[in-house]
Structures are given as structure tokens and as C-alpha cells.
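Contents: one structure, followed by commentary.
Rule-based calculations on the coordinates, nothing more; no lab input. The structure presented is a predicted model; accordingly, all values stated were derived computationally and were not measured. Reconstructed Cβ throughout: ideal geometry from the backbone, glycine too, with neighbour counts over all protein chains shown.
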């Protein structure tokens with residue numbers, strides 16, 4: 001495995017404000033890498049720089065082995081970009097849309113038609129290929145968007161908020177399509193506001209806030225250890241007993257502590273008096289994210 005995106009100390013300012021302030025990022029080939037952060041954190045600016053839509057002020061960045069500043073044309077030939085809003089023509093059929101994108105990408109007519117047929121099959125749209133896009137559900141339209149982004153079989157696909165506004169079924173359709181892309185060898189850099197989406201799809205996650213990387217690791221790394229939670233009327237006593245496991249948090253009648261051995265922790269908690277409920281659970285990525293950006 002090699003690094004298909006390498007970013008070192010990227011900086012970008014707008015009107016004197018630092019949008020990116022020394023960002024480092026490494027994305028391994030054949031993976032989904034989640035890029036998370038609150039609004040205004042710098043995610044979109046970073047994606048635009050990597051897609052050669054915005055010039056960086058300082059630092060270096062390579063995509064598929066090409067420097068974004070010195071060889072932008074080579075970078076653009078190696079990437080696909082799917083933005084937040086559908087780019088397809090609603091009045092054209094799915095097949096017509098894909099043929100049009102193929103022609104815009106300098107494919108000959110015959111090659112564009114062949115590529116459209118392949119993509120319709122790959123994204124589960126072959127049976128509706130002749131229907132206009134305005135008759136598609138949100139999930140189907142988004143899959144057509146993804147197919148359009150894959151016209152030239154890019155090595156790297158940038159997905160910016162790919163499931164915004166979709167219902168659960170539509171989101172699941174898009175997730176399935178993304179997994180198929182990665183299984184076929186495409187590397188995906190995913191920005192999303194849905195933390196469960198990053199948890200489901202991403203092999204690794206980078207969190208940006210105020211133009212800086214504040215965390216990087218697998219979703220499991222960021223979520224951390226399981227937590228034992230005990231509901232009790234004797235919080236002081238229970239907290240003192242559970243302190244042998246590590247630092248304890250007390251919130252009302254709930255006492256919690258990080259645990260690394262679930263069985264041992266449950267055995268200890270079950271022996272405590274005045275216990276009303278016991279739970280061991282893994283923190284969610286939402287909880288980890290909120291803790292990071294409010295720290």
C-alpha cells in the first residue's frame with residue numbers, strides 16, 4: 001500500500017484569516033479517508049486545493065504522485081470530484097447524462113456510450129438508464145452523480161457531503177456504491193457532517209478545526225475505550241469503588257469509567273450495592289468529535 005495523497009504544512013489565507021494553518025494529511029491508496037470538522041474548519045478549502053481549484057499559499061501537496069502546484073493538469077486527469085449538489089441534467093436520461101460527461105471528458109462518442117453502459121451497470125442503474133433524472137429518487141440521483149464522477153476511472157475521488165438531504169434508504173444506496181468503488185481500487189476522500197457515515201465508511205479519519213488537524217486515526221482510535229456506566233443512588237461509594245479502573249465521571253445518578261476488560265468491569269459493577277442499571281458501551285464517533293472540537 002502507498003500514500004496516494006500526501007499533504008505537508010499546507011497554508012491558505014483569505015482576507016488575512018487562516019483557512020488552513022499548517023495541515024498535514026496522508027491518505028493510503030484503496031481506502032476511504034474521512035475528513036471531518038465543524039463548518040468553517042477548512043475542509044472544503046483543503047479539498048479545493050487538492051482538486052487544483054484553489055492555489056495553496058505555502059506547503060506541498062501531491063495527489064496520485066503529482067504535485068498540485070507544478071502539475072495541476074496531471075492531478076485533474078487522476079481525480080474525480082462529486083460536490084454537495086447534483087451536477088446531472090434533470091431533463092436528460094441517466095445514459096444521456098453519462099454520455100455527455102464522457103464527451104466533456106474528451107471521450108469519443110462510441111467510447112462515451114460504452115463507458116456509460118458500464119457505469120449504469122456498476123451503479124445499479126441499468127434498468128432505469130433511459131429514464132430522465134428528474135424521475136429518480138434522491139439516492140438514485142446521487143448514484144448517478146457518483147457514476148458521472150467516475151467517467152475516467154479516477155484513482156482518487158473527492159466526495160463532498162455525498163448524502164446531504166437523503167433519507168436513510170438513499171444514504172444506504174450511496175454507501176453501497178462507495179464501498180464498490182473502493183473495492184474496485186478507487187481511493188475516496190470523504191467530507192461529511194454525518195459522523196455515523198464516517199464511522200460506517202472510513203478506514204481512517206482526520207478531524208480539522210480552525211484550519212488545523214486536531215486528531216487523526218481510525219474511527220476506533222478516535223472513539224477510544226469502552227465505558228462502563230452505572231446508575232446508582234450511592235454515587236460517592238460507587239465512584240470510589242470504580243476508581244480502581246481509572247478516572248471516574250459522575251453525572252447526576254450516573255457513574256462512568258473507561259474500561260479495557262469488559263468482563264472484569266461488569267463483574268466488579270455487579271457486586272456493588274444500590275445499583276439500578278449497568279451498561280458497557282463503546283462511545284460514538286459523534287461523542288468523540290464533540291469532545292475534540294469543544295476541548
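Structure notes:
- Three-way shape call for the chain based on the alpha-carbon gyration tensor, with the a/c threshold at 1.5: prolate
- Alpha carbon centroid spacing (whole Å) that separates region 1-36 from region 103-174: 27
- By the helix-only formula, in which each DSSP H run with n ≥ 4 contributes -39500 (n - 2.57) and the sum is divided by residues, the chain has a 222 nm mean residue ellipticity of -10500 deg cm²/dmol.
- Anisotropy class of region 49-202 from Cα gyration tensor, a/c 1.5 cut: oblate
- Using a Förster distance of 35 Å, the FRET efficiency for residue 225-residue 183 (Cβ separation, nearest 0.05): 0.70
- Contour excess over end-to-end distance, with Cα ends at residue 71 and residue 103 and 0.36 nm allotted per residue: 9.2 nm
- For region 119-170: rounded, prolate or oblate by the Cα gyration tensor [a/c cutoff 1.5]: oblate
- Potential lengthening between residue 127 and residue 8 on full extension [0.36 nm per residue; Cα-Cα distance subtracted]: 38.3 nm
- Each label point was placed 7 Å from the Cα along the Cα-to-Cβ direction; for residue 290 and residue 135 their separation is 4.4 nm.
- Net length gained if the chain between residue 240 and residue 271 were fully extended (0.36 nm per residue, minus Cα distance): 9.8 nm
- Considering only the chain, percent of DSSP beta bridges that pair antiparallel, nearest 5: 70
- Centroid-to-centroid, using Cα positions, region 215-282 and region 178-204 are 31 Å apart.
- In degrees, nearest ten, helix 109-122 long axis to first principal axis of the chain (Cα): 20
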